[in-house]
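Everything on this sheet refers to the single structure shown next.
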Amino acid sequence: MEAETRNCQNCKKNFLIEAEDFDFYQKMKVPPPTFCPDCRYKRRAIWRNARHLFRGKDYITGKELFTGIPPQSGLSIYEQEYWNSDKWDSLEYGIEYDFSTAFFKQFNQLFRSVPYPAKSMQRCINCDYSNMCDDMKNCYLCFNATFMEDSAYCCNGSVLKNCFDLTSCYNSEFCYDNVRVDKSYHTIGSVNSESCVDVWFSKNCVGCTDCFGCVNLRNAKYFIFNKQFSKEEYFNALKLMNLGTWDGFYKAKIESQNFWEKFPIKYMLGFRNHDVLGEDIKDSKNVKYSYIVQQGENLKYVQDVPFGGASNSYDYTCWGVSASQIYECMIVGEQVDNMKFCFECWPVCQELEYCINMRRSKNCFGCVGMKDAQYCILNKKYSKEDYFELVEKIKKHMDEMPYIDKRGNLYKYGEFFPVELSHLAYNETLLNDQFPLDKETVEKLGFIWHDINRKEYEVTILTKDLPQIISETHEAVTKEIIECIDCKKAYRIILNEFNFLKNFNLPLPRNCVDCRFSQRQRFMVPPVLKFIECMCSGYKSSNSIYKNNQKHTSHEGKCQNTFQTAYNIEKEIIYCEKCYQSEVY
């Protein structure tokens, strides 16, 4: 088929379906989408609790536990070990398919009745206050992570050891307060950098050692604000900054971030790719309109699969690890194949459609909370022949009697779960971090909003009364309840965090975990691309802030290159690949 422009039934904007897209839909035996890519992403993302824990009660014992399920959801929660056991049977919740009622109404009834695990974790030791993790040890408040040890406050990461306050960081050790840093050691307050050692407050640097406040450097050593120093001069200058004090540390951080703004960035963060389009893509091939992907191949409209091994998939959000032929799924991974319209199905799942919370299952449709299942529909077991026959009848019924949401959108076969069926509110998901909106706007868009009732703690110390210097701080501070300098919420310093800060002569943070996350989130551009022109005007940037180091031989006067980028032209100086590389040194 030839490319077609269609109108999104949700936002009413036009979107393009290309010929290669039709080939994929035909291969997956699904109809073309009726929502645009942005609306499809948000529809999936409303099902993902990225970093929130709630106090809940185990449905069996009544025991209080921490869970990723908000209390307003009304879902029954099982402690994770019990949920994983054979002490209960999800087949007991099975229902007969009713051809007089829309599929999604029946599915919602099942979804609201089957018990849900308190958390989504596997192979973790001493990680009681983390979620969406596997292969972790001694971690605290870490989310969407794997192979991490002795770390805290990390969101989206893998292969990290002794790291604190990181977002989207990988393969690193002894790092602190970073965003999108990979293969680095003792790197602090840095953004979009790789293979760095002993680097402070730097951005877009690769292979650097002992650098401070730098931008766009490659294999540099003993640089401060992009100026070369001798080894002795470098360390003497750092000593004068008093980075072990809060005032010195905070001043250096702000000065560095202000310095970054004077330099151009490349239109996308990416390394070692072939034929890619998107943001934060590494070691990948033929990946288009995608965001945070590593070792991906033949992907389109894919987000948050940094753990490698995702291939031949569209509209897939979160995970990876030997995942192939995935369409319109959220949080599926670890040896999964041919998955459509699924949420939280892992590991070793195949040929599932419209399923939630499945483990090691194959050939199931509209099922919830099943383990080692096959040929099941709405949690009811069928023979192989009856299963395939009934599935085809249900798909036809979904087209003849579609579900209609509150905004009037039709949900026939081929649509992901409706937004209003999610157990999560907008402000409990990553959507609120990427696209912050107020309650009124959220509800007008058809999403849910939960007013969060936080447990109040009696503050025992204000940030102004914390010691300025970590060397003068006693371990007893880990018993204090501190008031955040900005939002005034209470937070604590855990013992591992205190020891880390003391070992590296770093001051105590003055913000709570949520505020620190929000500060890092400013450097995580949302997964939305727009066309812009290169901001290089020949000898300087088009906003006159940056003066080029040399003449760019690829063009005279203003660069005519156009491209798609996730960055904001009002906040960044954005160059095309050639112009950016001319300015990197």
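For ASN363, are the conditions met, namely being crowded, with 18+ Cβ neighbours inside 10 Å and within 18 Å of GLY414 (Cα to Cα)? Yes. Looking across ASP177, ASP198, ASP182, one residue alone is among the charged types (D, E, K, R), in contact with a helix residue (DSSP H, G or I) (Cβ under 8 Å, 6 or more places away or on another chain) and closer than 23 Å to PHE500 by Cα. It is ASP177.
Residue count for the range 472-491 satisfying the condition of being buried (at least 16 other Cβ atoms within 10 Å of the Cβ) and hydroxyl-bearing (Ser, Thr, Tyr): 2.
For every residue, the table says whether it meets (1) surrounded by 24 or more Cβ atoms within 10 Å (Cβ to Cβ); (2) of a type in the set (A, V, I, L, M).
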residue	(1), (2)
TYR267	yes, no
SER284	yes, no
CYS329	yes, no
GLN335	no, no
VAL348	no, yes
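Quick one: would you say ASP275 is farther than 30 Å from ILE224 by Cβ and touching a Lys or Arg at 6+ places or on another chain (Cβ under 7 Å)? For ASP275, the condition - farther than 30 Å from ILE224 by Cβ and touching a Lys or Arg at 6+ places or on another chain (Cβ under 7 Å) - is met.
With the requirement that a residue be among the charged types (D, E, K, R), outside any loop (DSSP other than H, G, I, E, B) and touching a Ser or Thr at 6+ places or on another chain (Cβ under 7 Å), what does the range 495-529 give you? Within the range 495-529, ARG520 is the sole residue that qualifies. Of all residues in the range 239-265, those satisfying the criterion of being under 30 Å from TYR539 (Cα atoms) and either modelled with pLDDT under 95 or surrounded by fewer than 16 Cβ atoms within 10 Å (Cβ to Cβ) (or both) are ILE254, GLU255, ASN258, GLU261, LYS262. For ASN219, the criteria (1) without any contact (Cβ under 8 Å) to a residue 40 or more places away in the chain; (2) under 23 Å from GLU351 (Cα atoms) hold in every case but one, which is (2). In the range 75-103, the residue that is nearest to TYR129 (Cα to Cα) out of those that are part of a loop (DSSP other than H, G, I, E, B) and among the charged types (D, E, K, R) is GLU79. One residue stands out in the range 153-198 among those that are out of contact with any Gly (no Cβ under 8 Å at 6 or more places or on another chain) and aliphatic (A, V, I, L, M): the one that is surrounded by the most Cβ atoms within 10 Å (Cβ to Cβ), namely VAL181.
Within the range 81-101, residues that are closer than 16 Å to TYR382 by Cβ reach partners that are of a type in the set (Ser, Thr, Tyr) and in a loop (DSSP other than H, G, I, E, B) with beta carbons closer than 7 Å, at six or more positions or on different chains, in the pairs TYR93/SER113. Tell me, which strands (runs of 3 or more DSSP E) wholly within the range 178-264 include 3 or more residues that are within 25 Å of the chain's Cα centre (by Cα) and more than 21 Å from LEU508 (Cα to Cα)? By residue number, 191-194. Being without any contact (Cβ under 8 Å) to a residue 40 or more places away in the chain and under 30 Å from PHE517 (Cα atoms) is not true of CYS8. Every listed requirement among (1) under 29 Å from ALA252 (Cα atoms); (2) surrounded by fewer than 24 Cβ atoms within 10 Å (Cβ to Cβ) is met by ASP128 save one, (1). Pairing residues of the range 563-576 that are over 14 Å from LEU529 (Cβ atoms) with residues that are of a type in the set (Gly, Ala, Ser), at Cβ distances under 6 Å and at least 6 apart in sequence or on separate chains, gives ILE573/SER541. The condition (being closer than 28 Å to LYS396 by Cα and in a helix (DSSP H, G or I)) is satisfied by just one residue among GLN72, GLN106, GLN9: GLN106. The residue list TYR97, TYR41 contains one member that is of a type outside the set (A, V, I, L, M, F, W, C), in contact with a Gly (Cβ under 9 Å, 6 or more places away or on another chain), closer than 30 Å to ASN409 by Cβ and crowded, with 16+ Cβ neighbours inside 10 Å, which is TYR97. Select from the range 59-93 the residues that are over 23 Å from ASP451 (Cβ atoms) and touching a helix residue (DSSP H, G or I) at 6+ places or on another chain (Cβ under 8 Å) and write down the one among them that is surrounded by the most Cβ atoms within 10 Å (Cβ to Cβ). Per the criteria, the residue is TYR93.
Within the range 131-142, count every residue that is surrounded by fewer than 21 Cβ atoms within 10 Å (Cβ to Cβ) and under 16 Å from GLY333 (Cβ atoms). Total meeting the criteria: 1. Within the range 28-46, the residues that satisfy the criterion of being among the charged types (D, E, K, R) and touching a residue at least 24 places away in the same chain (Cβ under 8 Å) are ASP38, ARG40, LYS42, ARG43, ARG44.
Of all residues in the range 48-55, none are part of a strand (DSSP E or B), within 30 Å of GLN350 (Cβ to Cβ) and of a type in the set (A, V, I, L, M). When the criteria are applied in full, TYR291 meets the requirement of being farther than 23 Å from LYS119 by Cα and touching a residue at least 40 places away in the same chain (Cβ under 8 Å).
When LYS558 is tested against the conditions (1) surrounded by fewer than 16 Cβ atoms within 10 Å (Cβ to Cβ); (2) in contact with a helix residue (DSSP H, G or I) (Cβ under 7 Å, 6 or more places away or on another chain); (3) assigned to a loop (DSSP other than H, G, I, E, B), the lone failure is (2).
The values are calculated or read from the model by the stated rules, or taken from the named source; none is laboratory data. Here the structure is a predicted model, which is why all the values come from computation and not from measurement. Don't worry about glycine lacking a Cβ; one is built from the backbone with ideal geometry, like all the others, and counts go over all protein chains shown.
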